[in-house]
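Notes follow once the structure below has been shown.
The values are calculated or read from the model by the stated rules, or taken from the named source; none is laboratory data. As the structure is a prediction and not an experimental result, all values here were calculated from the model. Positions of Cβ are generated from backbone atoms using ideal geometry, with glycine treated the same way; all protein chains shown enter the neighbour counts. Heads up: the accessible areas ignore ligands, DNA and RNA and are worked out on the full protein's heavy atoms, side chains in. Shrake-Rupley method; radii C 1.70, N 1.55, O 1.52, S 1.80 Å.
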Amino acid sequence: MGERSVGLSLAKIDALPLALGSAAFTADIAPRGALVLRFRYSEQAHAEIRSIDASAALALPGVAAVFHHGNCPETLYTTAGQGHPEPSPYDYRLFDRRVRYVGDRVCMVAAESAEIADRALELIEIETEPLPALFDPESATEPGAPRLHPDEAHAVIPADYDPEHNVAARVEISIGDTAAGMEEADFVVTQRYTTHQAAHAALEPHVVACSLDARGRLTIVSATQVPFHARRITSRVLGIPLHRIRVIKPRIGGGFGAKQEVLLEPYAALATLRTGRSTVCELSRAETFVSTRTRHPMRVDLRTGVKNDGSITALEMDALMDTGAYGSHALTVLSNAGAKVLPLFNRIANLSFTGCSVYTNHPVGGAYRGYGATQGYFAFNQHIDTIARRLGVDVVEYCKQWHIREGETSPVFEALGEGKEGVSQTVESCALGECIDRGAAAIGWGEKRDRRTVVDGWVHGVGMAICMQGSGIPRIDMGGATMKLNEDGSFNLAVGATDLGTGSDTILVQIAAEALKVPPGKIEILSSDTDLTPFDVGAYASSTTYISGGAVLSCATQMATRMRAVGAAALGCPEKELVHEAERFRNGRTDEVISFEGIGYRTLYATAQEQLQTSASHTSDVSPPPFLAQFAEVAVDPETGDIRVVHFASAVDCGTAINPRLAEGQVEGAALNGISWALAEQFLFSAGGRLTNARYGRYGMFTAADAPPMTTMLVASHEPTGPYGAKSVAEIAINGPAPAIANAIYDAVGVRLVDLPLTPERIYRAIRAAGQP
Amino acid sequence: MTGNLTVNGAPLLIDFDPEETLLDALRSAGFTEVKRGCEQGECGACLVLLDDLLVNSCQVFAATAVGGRVTTTAGLTGEPGVPHPIHEAYAATGAVQCGFCTPGMVMATFALLSGNPDPSDDEIREALAGNLCRCTGYVKIVEAVHLAAGRMRDDG
Ligand code: FES
Ligand code: FES
C-alpha cells in the first residue's frame, strides 16, 4: 500500500504563512525606491482628446515622466489575457486619442511618491471635445447611434466583428428547425431576462511592480491569473522581445476573472524602460471598481415550444451583451451563455442561439467567474421553472427527467464553443440526478414547495436551479509541468499553473504525491514564473485541476517510471519485478527494497549519475462538465418586499474532489458571490455615465453577517479523462443562486422577477402590480 | 515627524508625514502583513490592535499611534513565525483561500475571543461583519473561529 494524498482535505500549503502575514503579495515585495505610477481618468463618457499639455507636471520636482497618447506605442491590442490568437478584438491602446467611458485612461505619471504623482496629474492640462455617448445597448446597432471604435480596430480570428455598427461580436448557431419545432408545440413560453453588471471585488486591488535586472531584462511581479499571456501581450504591445521579460506571480489576493486582464503590466514595463527605474502601480479600491473589468450585463430572450408531455420541441435563445467601451471577452462570454447552458437539456432537437455583443460608453466587461453561463442560467432556470409550473409537474422531477446523462451527448457541444465551433463530446461522468436529490432533501423541498408557510408575517418559498460548466477549453488550453528528483527522495515540481488562492499549488502537489506514493511534504512546488516554470495558459475557464493536473499526473507518472529503471538496475532485477510502494520499490520476489532516497542518491552521487527529470504537457479534446444543483429557501415580507435567504444548499458533482475541503470552499465562495450579486450588488450610474457607488460600503457585497446559512455537498462521480477522476469546481456554483432565489420568490409570493438584482423595491412593486397580497 | 511606538512587542521609531495613516507607516516599516484593501475603513484587511482596541489602521493617523502598542497578526504569539491557535484553526479549516483578508480576520477573531471565549454563530458573524472576504463565503471562517475558541479554552 502506498501513501494516499488524493481525496484528503489537507491544509493549503500556504495557509499558515498567509494567516501569519508572511506570505508575500505583489505590493509587499515592490522594490524600495520604486517610482509610483498613477493614472488620470476620463471624466467624460465619450470624448476626443484635442490636446494634452504636461509641461507643468513635468516641471514638478519628483516627477520622472508623463505618458499619454502622444508619446506611447500605438499598438492595438486586447487586455483580455487569452490564448493566441485572442478571440477578443484588438480595439484598445495604452492611451488613445479617444476616451470611451468615465474612468478610461487619459494619461499616467511616474513620480517619486503617490502624492507627487497625484499633484502632477492635476497639473496636466487636457482639452477634450465631448462626443455623444451611447448607454443603451439595445440601440447600439441602430442607424445614427454614436460609433465608438474606428476602422483600425479589428478581430484577429475569423469573427463577425463590425465596429461600424458597434458590434464587438456576433454568434449564431442553429440546430434542426425551430420554426417547425414551435409548430409541434402545445404551448409556447416566451420571456425576456436581464442580468446586471458587477464587480469582482477581490480584496487585493490590481497591482504590479516592475524592475530591470542586471542584464537589462524586465522583471514584472504581478497580481495576475495569466503570467504567460501577460508576458506575451506586454512583449507585443511594447515591441520588445518576449525573452527579455520575466513575469512572476507571487501570492495573489483573489482574481475571479478580473486578473485575467493584462491591465497594468505593459504600462509598468514601459515606464521602467523609459525611466530606467523600478516602478510600482497599485490601484485604489475606487479605481478597481471603475477602471478594471466587470461582469458583462446581458439581456436574454428565451422562447420555448413545449408539448403537454413535457418535451421541449424547440428552444430559441437570443442574447444581447453590453461589453462596455472595449470588447474584452466580448465574443467568448457571449458564446458561453449558450454553449454552457444549452447542452444541459440535450433532447431538444430544434434549437438556436443568436447573440450580439455591443459597445457602449459603460465600464468594460471582462471575464468573471461563471463567464456567461451565469447570465444564461439566470434565464434558463427560471424558464424551466415556469414550464414545469405550466405543466403542473414538480420542477425537481422535470429536471431529473430531461437533463443530460452519462453516455449522452448534445449537438450543442459541437456547434458552439468559446468563440468558434465547439468540440463534440460524450458526457462520461454525471451525478446531477443525485445532486438534485440531495439538494432537495437538504432544503426540505417536499415539505416546503408550494406551501407558502408564513412565519411572523414573512412568507417562505423554495426554488432550485441546475447547471453545468466545463473543465478548460478543449484543444486550446494547455498546462505544463516539470519535476526533478533530489538525493533525499524529495522532488521539485514546477508548474505554470497559477494559484489564485484556490489552492491549486496544494492540489497539484496532492496529484503528484499520489502518483509517486510519497507524502505531499516531499514535493516542493514552484509555480507561475515565466523564467522557471513551463508554460500554462493560466487560471481561467476552470482549467487548472483538469488541464494542469493532467500535466502533473503525467509528469509524475513518468518520474515513477524513470525511477523504477534506476531501482531495477540497483537491485539487479527486471523492472517488472519491482512493486511501487510508499517511497520505495520492493522486489516482489526477493523482498529486497530500494528507497526513493537511495535512488535519488544514486542518480546524483553514485553509479547511476543522471539528474532524473521529467516534463509533461497536457491538453484535452474534451471539456467534461461538472454539474450542480442549488436550492434556496427564501422568506419575503409581502408588505415591504424585503427578502431574506433562509438557507442555501449546493450539491456539486466535480468528479473526484482532490481536496474535498478546498473544493467545498470553492463552492461556498462562489455561491455567496452569486447570492450577494443576485440580491444586493449593483453598479449605480449618474446620467453622464459615472459610477456613483465605487466603494465597498455602497456596492452591496455581503459580509459574514449578511450571509445565509449554507449547506454544501460534494457528490462523487468519476471522470475517466481527468486526473484521478477529477473535473473542475471553481466557477460553477456562482451560476445557480440568482435563478434559484428568483424561483423561490415566485414560490413564496407568486411574482416572477426577471430582472436582476432582486431588490426589495422590485419585489414590492411586482407584488403590487400583481394585485397582491 | 518622528515618533516611537511598540509593534508586536518591539520598539519602533517611525518617520511619517502628518497626514500619513498608521497603515502606510506600518507597511513602509516592513509590517506588510497589514493589508491595504480599500483605505476607506470598509474591508477590515488592515485591522490591528492599538492598545488592545481593534482599529482599521487605514483610518488612524500614524501620529495618533505614537506612544501606543500595535499588534498585528504576526505578533499574536509574541514569537515571530510561531502560529497562534487562531492561525492554526484558519489553516486547518480551509478558511484561508487567497489569504488577503486573513490577517484582518485573524485580528477580529482575536479581539472577539478575548472578550467572548465561546461565541455563537451569530456573535461570530457580527464580530466579523467589518471584514470582507470574497473567496470563502465565510462558512469556513466561522468554523475556524469555533475551532480556535475550543482550542483556546482547552489551553486555558
Ligand atoms: S484597508 Fe482599511 S478597512 Fe480596508
Ligand atoms: S480568503 Fe480571499 S478574500 Fe478572504
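Out of all the residues in segment B:105-131, which are more than 9 Å from every other protein chain (Cβ to nearest Cβ) and either open to solvent by 10 Å² or more (accessible area, probe 1.4 Å) or among the small types (G, A, S) (or both)?
Going through segment B:105-131, the residues more than 9 Å from every other protein chain (Cβ to nearest Cβ) turn out to be B:107-120, B:123.
Correct list: B:A108, B:F110, B:A111, B:L112, B:L113, B:S114, B:G115, B:N116, B:P117, B:D118, B:S120, B:E123.
Can you name every residue in segment A:186-223 that is more than 24 Å from A:T294 (Cβ to Cβ) and among the hydrophobic types (A, V, I, L, M, F, W, C)?
Residues of segment A:186-223 that are more than 24 Å from A:T294 (Cβ to Cβ), as a first pass: A:186-191, A:209-221.
Within segment A:186-223, A:F187, A:V188, A:V189, A:A209, A:C210, A:L212, A:A214, A:L218, A:I220, A:V221 meet the criteria.
Count, please, the residues in segment A:140-180 that happen to be open to solvent by less than 40 Å² (accessible area, probe 1.4 Å), within 17 Å of A:T354 (Cα to Cα) and part of a helix (DSSP H, G or I).
Total satisfying the criteria: 1.
Take segment B:16-28 and flag every residue that is closer than 16 Å to B:T64 by Cβ and not polar (S, T, N, Q). Reasoning before the result, please.
Restricting attention to segment B:16-28, the residues satisfying the condition of being closer than 16 Å to B:T64 by Cβ are B:16-26.
B:F16, B:D17, B:P18, B:E19, B:E20, B:L22, B:L23, B:D24, B:A25, B:L26 - these are the residues of segment B:16-28 that are closer than 16 Å to B:T64 by Cβ and not polar (S, T, N, Q).
Any residue in segment A:130-151 that's outside the structural domain of A:P363 (by TED's automatic domain parsing) and over 21 Å from A:R299 (Cβ atoms): show its pairings with residues that are part of a loop (DSSP other than H, G, I, E, B) and acidic (D, E) at Cβ separation under 6 Å, as long as the two are six or more apart or on different chains.
Taking only residues 6 or more apart or on different chains, the pairs are A:H149/A:D91.
Does at least one position in segment A:724-741 carry a residue that is more than 16 Å from ligand 2 (Cβ to nearest atom), part of a loop (DSSP other than H, G, I, E, B), closer than 30 Å to A:L131 by Cβ and in the same structural domain as A:N336 (by TED's automatic domain parsing)?
No - not one qualifying residue is present in segment A:724-741.
Considering segment A:31-48 alone, what residues qualify as being of a type in the set (A, V, I, L, M) and crowded, with 21+ Cβ neighbours inside 10 Å? First the steps, then the outcome.
Of the residues in segment A:31-48, the ones of a type in the set (A, V, I, L, M) are A:34-37, A:45, A:47.
Scanning segment A:31-48 gives A:L35, A:V36, A:L37, A:A45, A:A47.
Quick one: A:H647 ticks every box in (1) more than 12 Å from chain B (Cβ to nearest Cβ); (2) touching a Cys at 6+ places or on another chain (Cβ under 9 Å); (3) open to solvent by 10 Å² or more (accessible area, probe 1.4 Å) bar one, so which box is it?
(2)
Which of the residues spanning segment A:187-208 are closer than 23 Å to A:F685 by Cα, within 14 Å of chain B (Cβ to nearest Cβ) and in a strand (DSSP E or B)?
Those that are closer than 23 Å to A:F685 by Cα, within 14 Å of chain B (Cβ to nearest Cβ) and in a strand (DSSP E or B): A:A198, A:A199.
Give the residue that is surrounded by the fewest Cβ atoms within 10 Å (Cβ to Cβ), with candidates limited to residues of segment B:132-156 that are within 30 Å of A:A258 (Cβ to Cβ) and more than 8 Å from chain A (Cβ to nearest Cβ).
Step one: list which residues in segment B:132-156 are within 30 Å of A:A258 (Cβ to Cβ), which gives B:132-145.
From what is left, the residues that are more than 8 Å from chain A (Cβ to nearest Cβ) are B:143-145.
Numbers: B:E143: 20, B:A144: 28, B:V145: 29.
Within segment B:132-156, the match that is surrounded by the fewest Cβ atoms within 10 Å (Cβ to Cβ) is B:E143.
Which residues, taken from segment B:37-55, are within 20 Å of B:L76 (Cα to Cα) and open to solvent by 40 Å² or more (accessible area, probe 1.4 Å)? Working first, answer last.
So the first thing to find is which residues in segment B:37-55 are within 20 Å of B:L76 (Cα to Cα), and the list is B:44-55.
B:D51, B:D52, B:L53, B:L54, listed by residue number.
Do you know which of the residues in segment A:691-705 that are among the polar types (S, T, N, Q) and under 18 Å from A:S291 (Cα atoms) is nearest to the other protein chains (Cβ to nearest Cβ)?
If we filter segment A:691-705 for residues that are among the polar types (S, T, N, Q), which is where we start, we get A:692-693, A:703.
Now drop any that are not under 18 Å from A:S291 (Cα atoms), which leaves A:692-693.
Working: A:T692: 15, A:N693: 12 Å.
Only one residue fits best here, namely A:N693.
Please go through segment A:708-739 and give me each residue that is open to solvent by less than 10 Å² (accessible area, probe 1.4 Å), within 14 Å of another protein chain (Cβ to nearest Cβ) and more than 21 Å from A:A541 (Cβ to Cβ), ordered by number.
A:P708
Check off (1) away from ligand 1 (no atom under 16 Å from the Cβ); (2) closer than 25 Å to B:P117 by Cα; (3) open to solvent by 40 Å² or more (accessible area, probe 1.4 Å); (4) not in a helix (DSSP H, G or I) for B:L13 and give me the number that stays unchecked.
Of the numbered conditions (1) away from ligand 1 (no atom under 16 Å from the Cβ); (2) closer than 25 Å to B:P117 by Cα; (3) open to solvent by 40 Å² or more (accessible area, probe 1.4 Å); (4) not in a helix (DSSP H, G or I), the odd one out for B:L13 is (2).
Of all residues in segment A:8-30, which are open to solvent by less than 40 Å² (accessible area, probe 1.4 Å) and among the small types (G, A, S)? Before you say what the answer is, go through the steps one by one.
Filtering segment A:8-30 down to residues open to solvent by less than 40 Å² (accessible area, probe 1.4 Å) leaves A:12, A:14-15, A:18-21, A:23-28, A:30.
Correct list: A:A15, A:A19, A:G21, A:A23, A:A24, A:A27, A:A30.
Can you list the helices (runs of 4 or more DSSP H) lying wholly within segment B:28-130 that have 3 or more residues being touching a residue at least 60 places away in the same chain (Cβ under 8 Å) and within 16 Å of ligand 2 (Cβ to nearest atom)? Quick ask: steps written out before the conclusion?
Numbers: elements: B:62-65, B:85-93, B:102-115, B:121-127.
In segment B:28-130, the matching helices (runs of 4 or more DSSP H) lie at B:102-115.
Which one of these does B:T71 not meet: (1) open to solvent by less than 20 Å² (accessible area, probe 1.4 Å); (2) touching a strand residue (DSSP E or B) at 6+ places or on another chain (Cβ under 7 Å); (3) more than 7 Å from chain A (Cβ to nearest Cβ)?
All conditions pass for B:T71, except number (1).
Just give me the residues in segment A:97-133 being surrounded by fewer than 24 Cβ atoms within 10 Å (Cβ to Cβ) and part of a loop (DSSP other than H, G, I, E, B), in sequence order.
A:R97, A:E112, A:S113, A:I124, A:L131, A:P132, A:A133
Keeping to segment A:229-264, report how many residues are more than 16 Å from A:F25 (Cβ to Cβ) and open to solvent by less than 10 Å² (accessible area, probe 1.4 Å).
Final tally of qualifying residues: 11.
Every residue in segment A:333-347 that is open to solvent by less than 10 Å² (accessible area, probe 1.4 Å) and under 16 Å from A:V306 (Cα atoms), please.
Within segment A:333-347, A:L342, A:F345 qualify.
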